[in-house]
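Some notes on the structure that comes next.
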Amino acid sequence: MRFLEGHRPDHDLTYDDLFIVPNRSAATSRFDVDLSTEDGSGTTIPLVVANMTAIAGKRMAETVARRGGLVVLPQDVPIDAARRTIAHVKTRHLVADTPVVMSPNDLMANAQALIPKRAHGYAVVVDGSAPVGVVPRAGVGHEIDMFTDLRSAMTPIPVTLPADTDPRVVFDALVDANADLAVLVNGDGALAGVLTRTGALRAGIYRPNVDAQGRLRIAAAVGINGDVVASARALVEAGADLLVVDTAHGHQEKMISALSAIAAADLGVPLAAGNVVSERGALDLVDAGATIVKVGVGPGAMCTTRMMTGVGRPQFSAVVECAAAARERGAHVWADGGIRHPRDVALAVAAGASNAMVGSWFAGTYESPGDLHADAGGEYKVSFGMASKRAVAARSAGDNAYDQARKALFEEGISSSRIRIDPERPSVEDLIDHICSGVRSTATYTGATSLPELHEKVVLGVQSAAGFAEGRPLPGGW
Ligand code: XMP
């Protein structure tokens, strides 16, 4: 990474402050760019989903891992629920999506309430274990009888194929049948999953993030309070592939002792830890046992830390400094927070991050755990910060009323924010396509065919607010 002549900054910068200068490039195809990372997370695209309750649930975890990313379960999830989520993810099909499954006796109202959890827009009706029909999502203004049972409401399955059918063959079968959805079945006729045309296309573009046994990967977070080694061990025994030791102020003694204790337990999974924003902070976490350092104080969309405390650091410079320090010790960084456009992921990689962590942006998708709401502005979900009054209240629910009230005084996050579902990109997979297409293109503009090469070759300039504004399309187009 280098700056254009005369552009080396004398102050810290964030993503919006920067532009990337095109280099002479021999690249011919964006598909030749390798988006994988070598940081132990297994990601084949540079995306990790933040451990936030409103974002990182089981549906998000399977969907993102199938495309090569990684989801970190929040530390607030009780261990039994974490176990169930990990088991769910570990048993998912690597190609077919998991549909909403209903019985012929279920009502249309139940199906219509659950279908929006799936971007593919269908429920599959199953009798015993065999699929017998499908129910599409009702269109707006489309009158349907919500009290009819699915036996009478379902429509025939458009395309049924064996689960191991080549996705390209599934795509062609769907085109031939002029259909959107294929139902995939195992040898015994039991439902294995569903695949849309877009799903079949994506299966040819992305590589799932899989463990040594070929199952989807998932990570989990632990805090720094209580018996951290027991919590970490329980998560690894449940099947977590990577642990994130997480607290807002990662450069504190308690973090270092918690992290050292977990590292000493030698649980056999990579350890990420954070958050920090300085060279010293990064080195201390690496010395305590982290192989990945989580960087970012205050850039998050739900954060109020900078406004409450003045503490933090513009994210690009924080990532540059921490990544350089971590690299000296053979470690890596994740750029955590403030990702709002595909360009931010490219800039995080340019700064030296192996992955960018995304939270709030992904809250506005069908795969985030929250319920779907609608108002005059369209569909939305509600997100909240992990240090907000709401999250703190949930975390301290077992405390007495006095302690609960005392903890709630120290909030540093937004408790409720409506995150719009973009009608053009309602699924996290649409956002992943959008981001990866941007990052692939950044690589070809810089003459790189991999992410480390992008970091090495990138030439950056510093721009004014007007320079950033110039790059934005007309309102309504983005
Ligand atoms: P984005 O911008 O993707 O950032 O939503 C995700 C990261 O934001 C951090 N986070 C918080 N920071 N108060 C904070 O100061 C909060 O309530 C809060 N909740 C999340 C966290 O690092 C996350 O990964």
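The values are calculated or read from the model by the stated rules, or taken from the named source; none is laboratory data. This is a predicted model, so every value here is computed, not measured. No Cβ is skipped: glycine too gets one built from the backbone with ideal geometry, and neighbour counts run over all protein chains shown. All accessible areas refer to the heavy atoms of the entire protein, side chains included, with ligands and DNA or RNA removed. Shrake-Rupley method; radii C 1.70, N 1.55, O 1.52, S 1.80 Å.
Filter the trypsin sites (Lys or Arg not before Pro) in the stretch 21-102 down to the DSSP loop ones having no more than 12 other Cβ atoms within 10 Å, then list what survives.
Details: sites: 24, 30, 58, 59, 66, 67, 83, 84, 90, 92; in loops: 24, 67, 92.
Of the trypsin sites (Lys or Arg not before Pro), the ones in loops of the stretch 21-102 whose Cβ has at most 12 other Cβ atoms within 10 Å are 24.
Please label the shape of the stretch 71-174 as rounded, prolate or oblate, based on the square roots a ≥ b ≥ c of the eigenvalues of the alpha-carbon gyration tensor (a/c under 1.5 means rounded; beyond that, a/b larger than b/c means prolate, else oblate).
In terms of gyration-tensor shape, oblate.
Would you mind working out the accessible area per residue for the chain, using a 1.4 Å probe, and quoting it in Å²?
44 Å²
Which value, in Å² and to the nearest 10, is the accessible area of residue 266 when all protein chains are kept and the probe is 1.4 Å?
120 Å²
Treating only the Cβ of Lys, Arg, Asp and Glu as charged (+1, +1, -1, -1), what charge dipole size does the stretch 339-478 show about its Cα centre? Round to the nearest 20 debye.
Numbers: 14 positive and 17 negative charges, 70 e Å.
Approximately 340 debye in magnitude.
Which pairs break 31 Å Cα to Cα here: 90/389; 58/294; 294/457; 90/117; 117/457; 294/407?
90/389; 117/457
Which one of 356, 160, 464 has its Cα pushed farthest toward the positive end of the charge dipole of the chain, where Lys and Arg give +1 and Asp and Glu give -1 at the Cβ?
The Cα lying farthest towards the positive end belongs to 464.
Once you sort the root eigenvalues of the Cα gyration tensor of the stretch 322-478 as a ≥ b ≥ c, which label holds: rounded (a/c under 1.5), prolate (a/b larger than b/c) or oblate (the other case)?
Values: a/c = 2.31, a/b = 1.43, b/c = 1.62.
In terms of gyration-tensor shape, oblate.
Which listed residue (414, 452, 136) has the Cα farthest towards the positive end of the charge dipole for the chain, taking +1 on Lys and Arg C-beta and -1 on Asp and Glu C-beta about the Cα centre?
Farthest towards the positive end: 414.
For labels at residue 29 and residue 469 in the simple 7 Å Cα→Cβ model, what's the distance in nm?
It is 4.2 nm.
Can you say what percent of the DSSP beta bridges in the chain, counting only those with both residues inside, are antiparallel? Round to 5.
Around 45 percent of the beta bridges assigned by DSSP in the chain are antiparallel ones.
Between 0 and 90 degrees, rounded to the nearest ten: what's the tilt of helix 342-351 against the longest Cα principal axis of the chain?
That works out to roughly 40 degrees.
Label points 7 Å out from Cα along the Cβ direction at residue 264 and residue 425: separation in nm?
With each label placed 7 Å out from Cα toward Cβ, I get 4.5 nm.
Using packing as a proxy for protection, rank 147-160, 433-446, 34-47 so that the peptide with the highest average count of other Cβ atoms within 10 Å comes first. Don't skip to the answer; put the middle values down first.
On the way: 147-160: 15.1, 433-446: 20.7, 34-47: 22.2.
Result, highest mean first: 34-47, 433-446, 147-160.
Mean residue ellipticity at 222 nm from the helices of the chain, using -39,500 (n - 2.57) per DSSP H segment of n ≥ 4 over the full residue count, to the nearest 500 deg cm²/dmol?
The helix contribution divided over the chain gives -9500 deg cm²/dmol.
Could you give the dipole magnitude of the stretch 236-321 about its Cα centre, charging the beta-carbon of Lys and Arg +1 and that of Asp and Glu -1, in debye to the nearest 20?
400 debye
Can you give me the long-range amide H partners of residue 18? Hydrogens built in the peptide plane at 1.01 Å from N, cutoff under 5 Å, separation of 5 or more residues or another chain.
Amide H neighbours of residue 18, under 5 Å, 5+ apart: 463.
Step through the residues of the stretch 35-44 one at a time and calculate ³J(HN,Hα) from phi using the Karplus curve (6.51 cos²θ - 1.76 cosθ + 1.60, θ = phi - 60°), rounding each to whole Hz and writing x for Gly and Pro.
9, 7, 10, 10, 9, x, 7, x, 5, 10
Mind listing the phi-derived Karplus ³J(HN,Hα) values for the stretch 211-219, rounded to whole Hz, using 6.51, -1.76 and 1.60 with θ = phi - 60°, and x for any glycine or proline?
So the J values, rounded to whole Hz, are 7, 4, 9, x, 9, 4, 8, 8, 10.
Quick one: which residues, 5+ away or cross-chain, put their amide H under 5 Å from the amide H of residue 134? H built at 1.01 Å from N.
Result for residue 134 returns 125, 155, 157.
Using amide H atoms built 1.01 Å from N in the peptide plane, name the residues 5+ places from residue 47, or on other chains, whose amide H lies under 5 Å from its own.
70, 356
What is the angle, in °, between the Cα long axis of helix 428-446 and the longest principal axis of the Cα atoms in the chain? Nearest 10 is fine, range 0 to 90.
50 degrees
When the accessible area of the chain is split by element with a 1.4 Å probe, what percent falls to carbon and sulfur?
Here carbon and sulfur together make up 53 percent of the probe-accessible area.
So how tilted is helix 315-328 from the main axis of the chain? Cα-based, degrees 0 to 90, rounded to 10.
Computed tilt is about 80 degrees.
Relative to the Cα centre, what is the charge dipole magnitude of the chain, using +1 at the beta carbon of each Lys and Arg, -1 at the beta carbon of each Asp and Glu, and rounding to the nearest 20 debye?
260 debye
Each residue of the stretch 396-404 in order: what ³J(HN,Hα) in whole Hz does its phi give by Karplus 6.51 cos²θ - 1.76 cosθ + 1.60, θ = phi - 60°, with x for Gly and Pro?
Along the stretch 396-404, the couplings run 9, 4, x, 6, 6, 4, 5, 5, 4 Hz.
Using 0.36 nm per residue, how much length does the chain from residue 81 to residue 3 gain when fully extended, once their Cα-Cα distance is taken away? List each step's numbers first, then the result.
Working: separation 78, 0.36 × 78 = 28.08 nm, distance 4.72 nm.
Contour length minus the Cα-Cα distance gives 23.4 nm.
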